[in-house]
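Encoded as structure tokens, the structure appears first; notes follow it.
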């Protein structure tokens with residue numbers, strides 16, 4: 001907010017604007033790497049659990065690659081066999097009444 005107000009002044013100092021732009025450009029790659037890690041790590045585990053190569057999660061780096069991966073995961077046959085459900089053991093039949 002303060003940056004926008006500063007730039008809306010009548011005569012912004014070009015040297016000051018250049019310093020702000022350089023600061024933003026220095027921090028932006030770090031933000032991009034953190035954002036990519038937040039997206040790629042869960043998709044890596046989803047691909048691995050679905051039986052696909054986890055390297056498919058790197059499609060999220062490419063524009064619209066994440067959308068393609070979403071459709072691949074949604075409409076393909078997953079090669080993972082579901083585990084049998086663990087439940088209560090079946091109770092023995094009740095004794096006959098006399």
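The values are calculated or read from the model by the stated rules, or taken from the named source; none is laboratory data. No experiment lies behind these values; they were computed from the predicted model shown. Don't worry about glycine lacking a Cβ; one is built from the backbone with ideal geometry, like all the others, and counts go over all protein chains shown.
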For this session: Please work out which residue is farthest from residue 77 (Cα to Cα), limiting yourself to segment 24-54 and to residues that are part of a helix (DSSP H, G or I) and modelled with pLDDT under 90.
Result: 49
Exercise. Does residue 83 fit the bill of being modelled with pLDDT of 90 or more and under 29 Å from the mean Cα position of the chain (by Cα)?
Worked result: no
Seminar exercise, completed: Matching residues in segment 55-72 (part of a helix (DSSP H, G or I) and either out of contact with any helix residue (DSSP H, G or I) (no Cβ under 8 Å at 6 or more places or on another chain) or free of Cβ contacts under 8 Å to residues at least 12 places away in the same chain (or both)) number 7
